[in-house]
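Q: This is the structure I want to talk about, given as structure tokens.
The values are calculated or read from the model by the stated rules, or taken from the named source; none is laboratory data. Keep in mind the model is a prediction, meaning the values are calculated, not measured. FYI the Cβ positions are ideal-geometry reconstructions off the backbone, even for glycines, and counts take in every protein chain you see.
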Amino acid sequence: MRLRPVLVLCALFPVAPLAAFDFPQWRGPARDGRVSVPAREGWPEALRLGWKVKAGVGHASPLVSGDRVFLFSREGEEEVAQSFELATGKRVWRGAYPAPYSMNPAATSHGKGPKSTPVVADGRLYTLGISGILSCYDATSGHLVWRKEFAGQFKETSPLYGTAMSPVVEGGVLIAHVGGHGDGALTAFDSATGAVRWAWKGDGPGYASPVVGTIGGARQVVTQSQDNVVGLSAEKGELLWKIPLTTSYEQNAVTPVLAGDLVIYGGLDQPMRAVRVAKKGAAWTPERIWENPEVAAYLSSPVLEGGKLYGFSHRKRGQFFCLDAATGRTLWLSNGRQAESAAVLAGGGALFLLTTDGALIVAARDAPAFKPLRTWTVAESATWAHPAVLEGALLVKDVDTLTLWRIP
């Protein structure tokens, strides 16, 4: 795809202050790929560079909480948590620890990580490293509150291709799938102390990230584990239901989408599917509602907005799609060969599509076909991390640089 070069015009125009904003976790405020930004009449020809800093390598997404930016990355053989001023990019604090890691030969192109996106909640920053080191920092000062390492508890401390799941905070606990291939535990840790509240040891970790929602009146944690899609009681960690899901090379990596009692999920070379989860007597049962073999998600998670499911399929060497979420019917498909993968966010009547080759596409959300409105080049190297879409600005992490772009 040919990209229009972005002209940097920040020196020629006055710069408005950025409002405090929250993009505190994987895929945004509600962990579902939706962002609260106002609709716009049009999109500018070019972005303005706000600031750019070298910030370490890795594919963790940048986070925003108030007037601070948080990033988790690698510098040499250390994993590093950092905080920056949103307005200027000036570093506020830095915390690092030794994290040597040997890559699986099949995953060398993605580097030594980290791949897991942190979460900011209740004044704390939580990170999960490529080898499974779980840390909690004071978000204001960077002081280490607690840390967990799992050598000795499991045969391996990370799955085959390195830890990629992003933790979630729910009801005073931090939920993370720790351990390694064939031997792990989806675990709830007390968010203040790190003490274990509950642990489910029924499967090893996948590469997807858990979401939490109310299904059939019960608060549930839903995720893809190594070989299943599972729903657990958020309060006690009890397994309520599961669906076998086996993908090539055991790469379950798509965050499920919740729509009331509907759970939508997909995987490498698997149809996109939806099940309705209901309690019948004492048992919870997932009932298949639809299946669509025209699209298949691999490393990109879809977004539900306005009754439609928007996403990126790896079929035809990469194409964007829109499905009717109630029936699974395909509403439109883009041309193929769009990218190796893409992050998909939705807000303000638009889709924000960041491809892995550094192109940020703004597309119309409600058009009858794929309709790009503007394409900007926002990075000089691969962009596997989700962008943080803010009001009037974008935060983009490429291989080793964090950049704030302003949207005039």
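Q: Output the number of residues of region 125-160 satisfying the condition of being assigned to a strand (DSSP E or B) and of a type outside the set (A, V, I, L, M).
A: The qualifying residues number 10.
Q: So, in region 16-41, exactly how many residues are assigned to a loop (DSSP other than H, G, I, E, B) and either free of Cβ contacts under 8 Å to residues at least 60 places away in the same chain or in the same structural domain as Met165 (by TED's automatic domain parsing) (or both)?
A: Looking only at that region, the number is 3.
Q: Another question, if that's okay. Would you say Glu305 is among the acidic types (Asp, Glu) and more than 17 Å from Arg27 (Cα to Cα)?
A: No: the conditions fail for Glu305.
Q: Tell me the residue from Ser141, Ser109 that is out of contact with any strand residue (DSSP E or B) (no Cβ under 9 Å at 6 or more places or on another chain), hydroxyl-bearing (Ser, Thr, Tyr) and either surrounded by fewer than 22 Cβ atoms within 10 Å (Cβ to Cβ) or free of Cβ contacts under 8 Å to residues at least 24 places away in the same chain (or both), please.
A: Exactly one of Ser141, Ser109 is out of contact with any strand residue (DSSP E or B) (no Cβ under 9 Å at 6 or more places or on another chain), hydroxyl-bearing (Ser, Thr, Tyr) and either surrounded by fewer than 22 Cβ atoms within 10 Å (Cβ to Cβ) or free of Cβ contacts under 8 Å to residues at least 24 places away in the same chain (or both), namely Ser109.
Q: Right, something else. Restricting to region 229-279, give me the number of residues that are assigned to a strand (DSSP E or B) and over 17 Å from Glu291 (Cβ atoms).
A: Result for region 229-279: 11.
Q: Right, here's the next one. Just one of the numbered conditions (1) in a helix (DSSP H, G or I); (2) closer than 20 Å to Val229 by Cα is not true of Lys316; which one?
A: Evaluating Lys316 over (1) in a helix (DSSP H, G or I); (2) closer than 20 Å to Val229 by Cα leaves (2) as the failure.
Q: Among the residues of region 51-58, is there at least one that is touching a Cys at 6+ places or on another chain (Cβ under 9 Å) and not hydrophobic (A, V, I, L, M, F, W, C)?
A: No, region 51-58 contains no residue that is touching a Cys at 6+ places or on another chain (Cβ under 9 Å) and not hydrophobic (A, V, I, L, M, F, W, C).
Q: Just one of Pro159, Pro118 is crowded, with 19+ Cβ neighbours inside 10 Å and within 15 Å of the chain's Cα centre (by Cα); which is it?
A: Criteria check complete, one pass: Pro118.
Q: A further question follows. Would you please name the residue that is modelled with the lowest pLDDT, looking only at residues in region 23-80 that are among the acidic types (Asp, Glu) and over 17 Å from Thr403 (Cα atoms)?
A: Glu41
Q: Sticking with this structure for a sec: Looking at the structure I just gave you, is Glu79 surrounded by fewer than 15 Cβ atoms within 10 Å (Cβ to Cβ) and either out of contact with any Leu (no Cβ under 6 Å at 6 or more places or on another chain) or of a type in the set (Val, Ile, Thr) (or both)?
A: No.
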